[in-house]
Amino acid sequence: MTDQTDVAKHWEANAETWTKHARAGFDVYRDALNTPAFFAMLPPVAGLLGLDIACGEGSNTRLLARAGARMDAIDIAPTFIRHAEAEEEADPLGITYRVGDGMDLPYESSSFDFATSFMALMDMPDQGRVLSEIARVLKPQGFLQFSILHPCFVPPYRKTLRMPDGEVRAIEIGRYFDAIDGEVERWWFSTLPEEERSGVAPFAVPRFHRTLSQWVNLICGAGLVIEELGEPCASLELAKAEPVVADTRVAPIFLHVRARKPVNTR
């Protein structure tokens, strides 16, 4: 089983190329669909103190700060934090970054009004521990909103089936009930040109797949109450403008969850 030390090594190895390619616009799923849908579901955060967990190079943390939140952010990869801090120095938004582990958050209990995590929790070995840590650092009535790969439609095996003209016809899935713990998937951003792929290694991402019922039970087990779910679907106009996201019109790739810490939870 892959542990958090191994996960940290993989993400540190990914971080330089990931930052370069994401900032160059190759993460189209994020920029065109996933992040806009996340913010459309997000409650108002202006004036609130938030924590962004597994912040990467800080792209979404900066969006939260620009929405008026006072932000702290944490990531396990020092290179991600280095790039995030460089951006903060160049364009200050009042964000405090630190290197740290989502499974052992270095913050006092009941510190934050809300927490976010963008496309990261499915890459952590012990999601129950992460969720319990998040619940601990949230104030009563504080909320967590996170996005993950959709456990039903992006299990360990997924294949997009297309018509002869390239139109997405269906999604083939398998291994839904396989409880994988650290199986390393290797891939590039799908829009990265072939000539650029030859010069860089693909990302190596350890994955910890859980079923939908397991995710629900982990969230509830952490003492959080689910209040909204989202399954981003590209509009017809977006699918035409950015064909790479057209498969989300057939079945979702992402699941968004918002859960709240009750008043009577410590």
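The values are calculated or read from the model by the stated rules, or taken from the named source; none is laboratory data. No experiment lies behind these values; they were computed from the predicted model shown. Here the Cβ is made from the backbone with ideal geometry for all residues, glycine too, and neighbour counts use every protein chain on show.
List of remarks:
- Test: Leu224 is on the phi < 0 side of the Ramachandran plot and either exposed (fewer than 14 other Cβ atoms within 10 Å of the Cβ) or free of Cβ contacts under 8 Å to residues at least 60 places away in the same chain (or both): no
- Selected residue (criterion: nearest to Pro243 (Cα to Cα)) from residues of segment 137-174 that are surrounded by 18 or more Cβ atoms within 10 Å (Cβ to Cβ) and of a type in the set (Phe, Trp, Tyr): Phe153
- Verdict on Glu108 being touching a Phe, Trp or Tyr at 6+ places or on another chain (Cβ under 9 Å), at pLDDT 95 or above and of a type in the set (Asp, Glu): no
- Test result for Phe177, surrounded by fewer than 13 Cβ atoms within 10 Å (Cβ to Cβ), assigned to a loop (DSSP other than H, G, I, E, B) and of a type outside the set (Ser, Thr, Tyr): yes
- Residues located in segment 141-164, provided they are part of a loop (DSSP other than H, G, I, E, B), out of contact with any Gly (no Cβ under 9 Å at 6 or more places or on another chain) and at pLDDT 95 or above: His150, Pro151, Cys152, Phe153, Val154
Table: residues versus (1) in contact (Cβ under 8 Å) with a residue 60 or more places away in the chain; (2) within 16 Å of the chain's Cα centre (by Cα).
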{"site": "Ala135", "(1), (2)": "yes, no"}
{"site": "Leu161", "(1), (2)": "no, no"}
{"site": "Gly174", "(1), (2)": "no, no"}
{"site": "Arg210", "(1), (2)": "yes, yes"}
{"site": "Glu231", "(1), (2)": "yes, yes"}
{"site": "Ala239", "(1), (2)": "no, no"}
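- Taking the criterion of being buried (at least 19 other Cβ atoms within 10 Å of the Cβ) and part of a helix (DSSP H, G or I), the residues of segment 109-135 that qualify are Leu121, Met122, Asp123, Gln127, Val130, Leu131, Glu133, Ile134, Ala135.
- Residue identified as of a type outside the set (S, T, N, Q), more than 26 Å from Ala234 (Cα to Cα) and touching a residue at least 24 places away in the same chain (Cβ under 8 Å) among Arg23, Arg70, Arg30, Arg62: Arg70
- Residue match in segment 77-95 (condition: aromatic (Phe, Trp, Tyr) and under 15 Å from Asp123 (Cβ atoms)): yes
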